Amino acid sequence: MTTLVLDNGAYTAKIGYSHENVSVIPNCQFRSKTARLKTFTANQIDEIKDPSGLFYILPFQKGYLVNWDVQRKVWDHLFGKEMYKVDFADTSIVITEPYFNFTSIQESMNEILFEEYQFHAALRINAGSLSAHKYFQENSSELCCIVVDSGYSFTHIVPYCRGKKMKDGICRINVGGKLLTNHLKEIISYRQLHVMDETYVINQVKEDVCYVSQDFYKDMEVAQLKGEENTVMRDYVLPDFSTIKKGFCKPREEMNFSGKYKTGEQILRLTNERFAVPEMVFHPSDIGIQEMGIPEALVYSVQNLPEEMQPHFFKNIVLTGGNTIFPGFRDRVYKDVRSLTPTDFDVSVVQPQNPICYSWEGGKLLSENPDFDEMVVTREDYEENGHCICEEKFDI
Amino acid sequence: MGEKKTSARAQEANQRRILDRATRQRRLNRQLEALEKDNFQDDPHASLPQLAKRLPQFDDSAEPGKKRKKTRGDHFKLRFRKNFQALLEEQNLSVSEGPNYLSACAPPSKLPQRHFCAVCGFPSSYTCVSCGARYCCVRCLGTHQETRCLKWTL
């Protein structure tokens with residue numbers, strides 16, 4: 001009997017057998033300008049030599065699974081002979097879903113897992129619950145933790161006490177990686193070069209140059225300086241996908257502060273964009289989204305919980321999800337939460353080694369747990385009792 | 001009856017169209033919606049004829065097993081084709097009790113709004129009279145009026 005753990009994200013799927021390692025694979029399909037007539041699924045993106053103008057077909061909308069035909073194509077690919085060669089009758093699956101998932105999505109998911117693929121058993125769970133499970137396993141003396149999961153579609157702040165999710169404290173900020181990339185695309189297109197079609201390239205730019213500022217207005221001042229003094233400024237060489245396969249930052253000593261470069265590369269000059277873009281998860285109101293940022297929402301969420309628990313939450317803030325990888329993210333969350341909480345509370349912010357795969361690791365740990373067999377719903381159970389057994393057993 | 005003299009600046013102000021709050025909010029919502037889009041460009045396959053579907057399927061009536069599968073597909077489309085908005089309405093959250101998707105959304109920030117120049121992104125102290133966008137200097141105001149003010153290009 002094997003267990004397949006699938007953290008089914010809106011942009012990437014984190015997948016692997018519980019006795020093996022994890023792979024991060026795009027959970028979507030692509031179409032390319034250069035390869036007409038072909039739709040690429042999941043990791044077939046590696047076959048696309050020129051990903052400029054890449055067109056995305058995503059199974060998720062606002063973080064919820066709505067496009068089932070796309071999702072099934074991706075899953076067929078992941079489970080099939082190209083990748084994991086799943087022996088469904090002999091495999092249990094741990095699969096994640098978003099908080100407050102809609103009933104009809106949950107039922108569709110049950111049907112597809114048990115009736116179409118015919119998995120031996122399944123466990124549907126929130127990705128944050130897996131992260132919390134891992135955190136409690138690693139820090140067995142802690143009673144509470146609060147998970148910040150900042151992904152592609154949105155950011156969730158979820159308190160857990162002794163492994164149980166506290167639904168009243170869940171807080172969602174509608175800012176995620178997609179919004180950041182789209183905003184960066186928008187401002188670059190307005191200020192220097194039309195890149196609205198280049199989601200793939202600009203996402204790479206975002207990952208390569210953006211960082212979280214520790215002192216926002218000071219960085220703004222530095223970014224306005226001329227010449228060498230402007231330590232924020234970067235020149236990013238865009239890929240042309242023939243000689244330059246991947247974009248990169250020009251090394252500082254090769255930067256030409258005064259004017260144009262003689263070499264023919266296409267350059268993006270980035271100043272305040274570098275930190276103003278990630279700043280949106282800290283101040284969504286900067287672009288007109290009237291919601292709290294992460295530190296404020298963290299404090300808001302904890303303040304709505306029983307008073308005697310509050311110090312435990314501030315001591316155990318866990319950052320997961322791709323957005324938390326921006327340099328400076330952890331320090332900034334610490335700094336802001338520290339300044340918003342009374343001094344007699346300890347504040348500690350933990351960023352795991354790999355924030356993207358942290359919940360997958362949690363799923364792996366959970367599948368090795370002696371109680372795991374009690375938590376899953378087997379296909380026989382489902383065929384006997386239908387959706388209600390899933391609703392009963394899964395803590396969703 | 002003598003004509004009243006008005007300053008050039010006041011005259012200009014009268015001519016300029018000023019958007020009301022509702023319109024400004026609508027424009028902002030449109031911008032935010034655009035930020036949610038998966039792609040800006042059109043599907044590169046959209047103009048191509050759907051070859052596989054146009055071809056007549058000669059042998060599909062021969063096998064009853066195959067036919068069953070086909071109806072299953074149709075059932076699938078009906079049952080699983082729902083967009084986010086339809087799902088949200090179906091769930092009927094406004095009347096349900098306990099925490100849910102709508103109640104979990106972060107409330108507005110208590111911190112004061114910060115303002116940035118719509119052109120260059122640096123802190124701004126001025127507001128465009130017509131559309132309410134922010135700008136930081138005369139140069140940026142010029143760019144704004146030429147490119148974005150009262151029109152939305154992107």
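Read-outs: derived from the displayed coordinates by stated rules, not from any lab. This is a predicted model, so every value here is computed, not measured. For neighbour counting, all protein chains shown are included, and Cβ atoms are generated from backbone atoms with ideal geometry for every residue, glycine included.
Mean residue ellipticity at 222 nm from the helices of chain A, using -39,500 (n - 2.57) per DSSP H segment of n ≥ 4 over the full residue count, to the nearest 500 deg cm²/dmol?
Estimated from H runs of four or more residues: -9500 deg cm²/dmol.
Along the Cα-to-Cβ line of A:Gln214, 7 Å from the Cα, sits a label point; which residues in the range A:316-344 have backbone N less than 11 Å from it?
Output list for this probe position: A:328-329, A:331-332, A:335.
Could you check the simple spin-label distance between A:Thr39 and B:Ala34, using points 7 Å along Cα→Cβ, in nm with one decimal?
With each label point 7 Å from Cα toward Cβ, the separation is 2.8 nm.
I need the shape label for the range A:177-278. Rule: rounded when a/c is under 1.5, else prolate if a/b > b/c, else oblate, with a, b, c from the alpha carbon gyration tensor.
Oblate shape, in that a/c is at least 1.5 and b/c is the bigger or equal ratio.
Place a +1 charge on the Cβ of each Lys and Arg in the protein assembly as shown and a -1 charge on the Cβ of each Asp and Glu, then give the dipole magnitude about the Cα centre in debye, rounded to the nearest 20.
2880 debye
Between A:Leu340 and A:Asp240, how many nm apart are label points set 7 Å from Cα along the C-beta direction?
Distance between label points: 4.7 nm.
Can you give me the three principal axis dimensions of the range A:1-101 from its C-alpha atoms, in Å, biggest first?
Principal extents (largest minus smallest coordinate, Cα): 43, 32, 21 Å.
Place a +1 charge on the Cβ of each Lys and Arg in the range A:177-278 and a -1 charge on the Cβ of each Asp and Glu, then give the dipole magnitude about the Cα centre in debye, rounded to the nearest 20.
In debye, rounded to 20, the range A:177-278 gives about 140.
For A:Val24, what is the net charge nearby, where nearby means another residue's Cβ is under 11 Å from its Cβ and Lys, Arg count +1, Asp, Glu -1?
Result for the local shell: 0.
Just for the protein assembly as shown, what percent of DSSP beta bridges are antiparallel, to the closest 5?
Taking every DSSP beta bridge with both residues in the protein assembly as shown, the antiparallel ones total about 70 percent.
Could you give the C-alpha radius of gyration of chain A expressed as a fraction of 2.2 N^0.38 Å, taking N as the number of residues it contains?
Chain A yields a ratio of 1.05.
Suppose each label sits 7 Å from its Cα in the direction of the beta carbon; what would the B:Gln15-A:Thr103 distance come out to in nanometres?
Distance between label points: 6.2 nm.
Sort out for me the Cα centre separation of the range A:2-60 from the range A:242-320, rounded to whole Å.
Value for the Cα centre distance between the two parts: 25 Å.
For the charge dipole of the range A:168-321, defined by +1 on Lys and Arg C-beta atoms and -1 on Asp and Glu C-beta atoms about the Cα centroid, which residue among A:Phe257, A:Ala297, A:Val175 has the Cα displaced farthest towards the positive pole?
A:Phe257
Give the angle, between 0 and 90 degrees and rounded to the nearest 10, that separates the Cα long axis of helix A:329-340 from the longest principal axis of the Cα atoms of chain A.
80 degrees
Show the residues, 5+ positions off or on another chain, whose built amide H is closer than 5 Å to the amide H of A:Glu97.
Distant-sequence amide H within range of A:Glu97: A:Ile125, A:Asn126, A:Ala127.
Assuming R0 = 35 Å, can you tell me the calculated FRET efficiency for the pair B:Ser96 and A:Glu20, based on Cβ-Cβ distance, to the nearest 0.05?
0.30
Along the charge dipole of the range A:254-396, pointing to its positive end and built from +1/-1 on Cβ of Lys, Arg, Asp and Glu, which listed residue (A:Val376, A:Gln266, A:Pro355) has its Cα farthest out?
The one lying farthest along the dipole's positive direction is A:Gln266.
Apply the Karplus parameterisation 6.51 cos²θ - 1.76 cosθ + 1.60, with θ equal to phi minus 60°, to every residue of the range B:19-33 and state each ³J(HN,Hα) to the nearest whole Hz, in sequence, with x for glycine and proline.
With the stated coefficients, the range B:19-33 comes to 6, 7, 4, 4, 5, 4, 5, 4, 4, 4, 4, 5, 4, 5, 4 Hz.
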